[in-house]
Amino acid sequence: MSTPTQQGFSAHSRHGAHHQLVFGHQFNGSSDYLPLPGGWGGTPELTVEAWINTSGPTGDFQAIVSSNGPEFIHFQAYSAGNITIYTNTGPLILPVIPDTPANVWRHVAVVARPGASRLLIDGEQIGETNRHLYHHILPSRNVSIGRGWQDGRYFNGSIAGLRIWQHSRPHALLHQEVFQYHEQKPPLNEQPDPTHEGFKSYHNKYLSAHPDGTVYADKDWFRGWEKFEVVDAGNGQVGLKSYHGKYLSAQPDGRVECNRDWLRGWEKFRMVIAGPNQVGFKSYHGKYLSAQPDGRLEGNRDWLRGWEKFSPES
């Protein structure tokens with residue numbers, strides 16, 4: 001491993017001057033790289049952003065930040081292929097960053113979170129939002145700047161201003177930072193996310209849908225399994241679609257499951273206003289959902305009182 005010399009770069013792009021000076025490294029495309037110490041990943045969200053200036057194609061991917069195996073992220077440039085984020089439910093695929101034009105500074109960022117991951121180049125989203133759902137990004141202790149898969153894919157050019165965040169940064173904030181020195185900013189062109197909500201019970205616990213189709217109201221946190229997409233089912237009704245892509249379903253005997261691929265009668269609920277920032281869910285069978293103190297969720301109540309009230313959070 002050689003250690004490139006840290007230096008300042010004037011970041012002038014096709015949009016004009018972005019920053020007066022950013023600090024980074026030059027890489028020779030064949031042997032230069034910088035190892036990142038410690039462990040990376042293991043969280044449900046991630047943002048990686050950097051300024052890059054490629055010196056030209058190498059005939060292979062050029063890693064910006066990458067693990068050397070199927071873990072964490074392969075944040076890379078090339079003329080074909082993809083950026084890959086490795087999650088507990090399989091690879092999350094985003095468009096690759098083009099390795100041309102050469103000798104032009106570009107700001108690149110990948111923002112990952114369950115159900116809404118995207119690639120940004122110069123503050124503009126490239127391609128569609130990836131809706132892949134997962135619980136966490138696979139961790140790695142072998143991550144480098146300028147080197148990637150199987151200790152190859154060396155970067156040819158300069159990487160500066162690299163930042164890694166263990167949360168998803170809003171598109172609008174990244175866009176503002178990229179163009180902070182511009183009087184006239186390019187349009188944001190942000191793609192809206194689907195409506196995801198968490199529902200907190202009377203006992204201050206979140207509803208949580210498990211992979212086996214069970215659902216409880218027993219979580220202190222609001223992460224992947226606790227998020228539901230509120231789907232308009234028409235006629236004043238909604239469906240609640242889980243992190244795992246299944247609909248909540250109220251059975252005639254009062255049981256509540258979250259294992260349906262369809263949105264039909266038993267999967268439809270009337271969301272009833274129950275007070276300031278509180279709602280109740282009335283099932284197809286005319287019964288309200290009710291969160292018990294031990295975390296069980298039932299759909300067998302004729303009334304809308306304390307245990308039948310939920311506070312939406314997004």
Task: Formal net charge of residues neighbouring residue 225 (Cβ-Cβ distance under 12 Å; K, R +1; D, E -1) - done: +1
Open item on the list: Order these by the 10 Å Cβ neighbour count, fewest first: 97, 85, 273.
Closed with: 273, 97, 85
TODO: For every helix of n ≥ 4 consecutive DSSP H residues, a contribution of -39,500 (n - 2.57) applies; sum these over the chain, divide by its total residues, and give [θ] at 222 nm rounded to the nearest 500 deg cm²/dmol.
DONE: -500 deg cm²/dmol
Task: Euclidean distance of C-alpha centroids, region 100-134 and region 43-81, integer Å - done: 11 Å
- [ ] Express the Stokes-Einstein translational diffusion coefficient of the chain in µm² s⁻¹, to the nearest whole number, given a Kirkwood radius over alpha-carbon pairs, 25 °C and a viscosity of 0.890 mPa s.
- [x] 114 µm²/s
Task: Peptides ranked, highest mean first, by Cβ atoms within 10 Å: ranges 251-264, 138-151, 278-291 - done: 278-291, 138-151, 251-264
- [ ] Give 219/268; 227/287; 246/309; 200/282; 205/268 a once-over and call out the pairs whose C-alpha atoms are over 20 Å from each other.
- [x] 219/268; 227/287; 246/309; 205/268
Task: Centroid-to-centroid separation of region 194-254 and region 162-178 [C-alpha atoms, Å] - done: 29 Å
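The numbers here are math on the coordinates, done by the rules we state, and not lab data. None of these values were measured; they are calculated from a predicted model. As a convention, Cβ positions derive from the backbone with ideal geometry for all residues, glycine included, and neighbour counts pool all protein chains shown.
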